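One structure below.
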Amino acid sequence: MAKIKVILADDHQMFLDGLASLLSQLEDVEVIATANSGKEVMLKLTGLAPDLVIVDINMPVMDGLETTQKIKEKYPHIKVLGLTMENDLQLVTRMLEAGASGYILKNTGKTELELALRQVMKGEPYLSQTISNQLAQNLLRNFQQKNDLEDPLKSLTERELEILKLIALEHSNTEIADLLFISPKTVETHRKNLMRKIEVKNSLGVYKFAVKHKLLEE
């Protein structure tokens, strides 16, 4: 069975040696070269034919992002797996846009490293579990924010909601201030903020909003 030929690139020699040692434990994987910079990777590619390049994002002379772009431009068949200490989603996105097939963290263990390598070699993308979780959290957060924008009611604070109902019931700022034990000036500030959030211009608009959302039935 043909071995998967790999070039490793990292500017920290001790880490590079450790990574090479881990991969040497896989029978069907062969580390054919190592490099300490992106420039060195490109030089080695002129005489070698790896299946995969595992490249550190932060390297001198030519960083992992630029190296990935150049590899994919010149050798589009070679897979690239990004490697870094940082779980920076912007950096992940830029690496994937540059053509990387996956992205793993340097604290990845042997099991996940092997999983990433094999998945990438099958033509499937791979992101470390930590990054995948972070992406999922961001998607959920963005979805929630989108829902909040679509439903202005969710953007109101408890105090704003309280004042909105009182405005809809035709109470003046002074009356609301007395009922809630706050100053009329504070009421006016809340009034302006809530009207901006629900996008109305006057008390009639507040009343219509309250009726639409059945706030006066509570």
(Q) Which count do you get for residues in segment 124-141 that are without any contact (Cβ under 8 Å) to a residue 24 or more places away in the chain and either outside any helix (DSSP H, G or I) or at positive phi (or both)? (A) 1
(Q) Take the residues in segment 101-120 that are farther than 10 Å from L83 by Cα and surrounded by 22 or more Cβ atoms within 10 Å (Cβ to Cβ); name whichever of them is nearest to the chain's Cα centre (by Cα). (A) S101
Q: Just give me the residues in segment 46-65 being at pLDDT 95 or above and not aliphatic (A, V, I, L, M), in sequence order.
A: P50, D51
Q: Filter segment 75-111 for residues that are modelled with pLDDT under 90 and among the acidic types (D, E) and give the result.
A: E86, D88
Q.
The conditions are (1) within 22 Å of the chain's Cα centre (by Cα); (2) more than 18 Å from L105 (Cβ to Cβ), and K44 fails exactly one of them. Which is it?
A. (1)
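Table: residues versus (1) at pLDDT 90 or above; (2) in the same structural domain as V92 (by TED's automatic domain parsing); (3) under 30 Å from I4 (Cβ atoms).
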site	(1), (2), (3)
L113	yes, yes, yes
L117	yes, yes, yes
M121	yes, yes, yes
K146	no, no, no
S172	yes, no, no
T186	yes, no, no
H190	yes, no, no
I198	yes, no, no
S203	yes, no, no
Q: Please go through segment 69-93 and pick out each residue that is of a type in the set (D, E, K, R) and surrounded by fewer than 17 Cβ atoms within 10 Å (Cβ to Cβ).
A: E73, K74, E86, D88
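The values are calculated or read from the model by the stated rules, or taken from the named source; none is laboratory data. The model shown is predicted, which means the values in this text are computed figures rather than measured ones. Note that we place each Cβ from the backbone using ideal geometry, even for glycine, and neighbour counts take in every protein chain shown.
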